[in-house]
Amino acid sequence: MKRKYFFAALLSSLFFIAPSQAQITKATLQASGLTCSMCSNAINKSLKSLDFVDKVTANIKNSSFDISFKPGTKVGIDRLKEKVEDAGFFVASLTAAIHFDNTTVANDTHVDIDGTTFHFINVNDETITGERTIKILDKGYVTAKAFKQNSKYTTMECYKTGKASGCCSKSGIAEGARIYHVTI
């Protein structure tokens, strides 16, 4: 009888595909509108107030901030942007380092990473293990010109809105859920 259960468990594990484990470990955010070190300090303090942020290092020369996240916490990408805007500035670009664990990405497809849906565009199909950097391509994270240019890499409606729509139903993503559009 034990052998029967063992065989059933083994068989089901061969056909069950576990979701890939990945975690956002750090990010680099470039802000626009800064004119002095006080501006940089305002963003620095605002970012540090987020519960998932471990450390923020400002680079005044480049108007950029290297942000490391607390291990095991869920990173709120839009919350980073909100904190920069709360300080009176804008996000010019955001890249994030993600530790992938055997995650398959393909062009114009959606992937769940640590409970967040990412839509990969303008990428080669590959399985990723280890740390890789992604760039957020959504409105408010790139220039209007770059946003328009990146639209040629997808026909899915979610790129325009940042929200799941009918185009995402095949992926099992709830209507209206937030989707981040990224490239490697």
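The values are calculated or read from the model by the stated rules, or taken from the named source; none is laboratory data. Keep in mind the model is a prediction, meaning the values are calculated, not measured. Every residue, glycine as well, gets a Cβ built from its backbone with ideal geometry; the counts of neighbours run over all protein chains shown. The protein model used for the area step is the full one, side chains on, heavy atoms only, and it has no ligands, DNA or RNA in it. Shrake-Rupley method; radii C 1.70, N 1.55, O 1.52, S 1.80 Å.
When you count the other C-beta atoms within 10 angstrom of each residue and take the mean per peptide, 122-130, 51-59 line up highest first as 51-59, 122-130.
Multiplying the residue separation of residue 149 and residue 184 by 0.36 nm and subtracting their alpha-carbon distance yields 11.0 nm.
Using the Cα gyration tensor of the chain, with a ≥ b ≥ c the square roots of its eigenvalues, what is the shape: rounded (a/c below 1.5), prolate (a/b larger than b/c) or oblate (neither)? Provide the component values of the computation, followed by the final result.
On the way: a/c = 2.57, a/b = 1.67, b/c = 1.54.
Here the chain falls in the prolate category.
Each of 35, 166, 24 was placed along the dipole of the chain (beta-carbon charges, centred on the mean Cα), and the one lying farthest toward the positive end is 24.
About its Cα centre, the dipole of the chain is roughly 120 debye, where the only charges are +1 on Lys and Arg Cβ and -1 on Asp and Glu Cβ. Heavy-atom accessible surface of the chain, averaged per residue, reaches 58 Å², computed with a 1.4 Å probe. The angle between the Cα long axis of helix 2-15 and the main principal axis of the chain comes to about 40°, on a 0 to 90 degree scale. Put a dot 7 Å past the Cα of residue 112, heading toward its Cβ, do the same for residue 37, and the two dots end up 4.7 nm apart. Surface composition of the chain: carbon and sulfur make up 54 percent of the accessible area, probe 1.4 Å.
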